[in-house]
Amino acid sequence: MKGGTRLAPEGAGILACPVTIATAIFLIAVGAILRYAINVNTDVINIQTVGLILMIAGGAGLALSLLYELVQQGGPSTDDRDDYPQRRSGYDDPTRRL
């Protein structure tokens, strides 16, 4: 295992951070709960501000993780190749013409 920890076998191309999108959505959900559902008045910390910060961090993390996934996949495919290419041999199987 060179260059970092991996979850998949060598050469699979999957790094040890597959839950980035789920973590970002979790941060957004926790931030929304703190911002809109909890009514606690404290002198030390403002819970609504913490919720807003978590929602902003989750949104930024979600945007970055989706951008990273798009870059890793190489963007949208513009290939017009057929999924089932034609046979290159000269033999024509008679059972395939049914």
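The values are calculated or read from the model by the stated rules, or taken from the named source; none is laboratory data. From a predicted model like this one, the values you see are computed outputs, not experimental measurements.
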Q. From the list ARG96, ARG35, ARG81, which one is among the charged types (D, E, K, R) and modelled with pLDDT of 85 or more?
A. ARG35
Q) Does GLY61 qualify as being within 19 Å of the chain's Cα centre (by Cα), at positive phi and at pLDDT 60 or above? A) no
Q | Hits in the range 41-55 - residues which are more than 15 Å from VAL30 (Cα to Cα) and either assigned to a helix (DSSP H, G or I) or among the acidic types (Asp, Glu) (or both) | A | ASP43
Q. Do you know which residues across the range 40-59 are under 20 Å from ILE21 (Cα atoms) and of a type in the set (A, V, I, L, M)?
A. LEU52, ILE53, LEU54, MET55, ILE56, ALA57
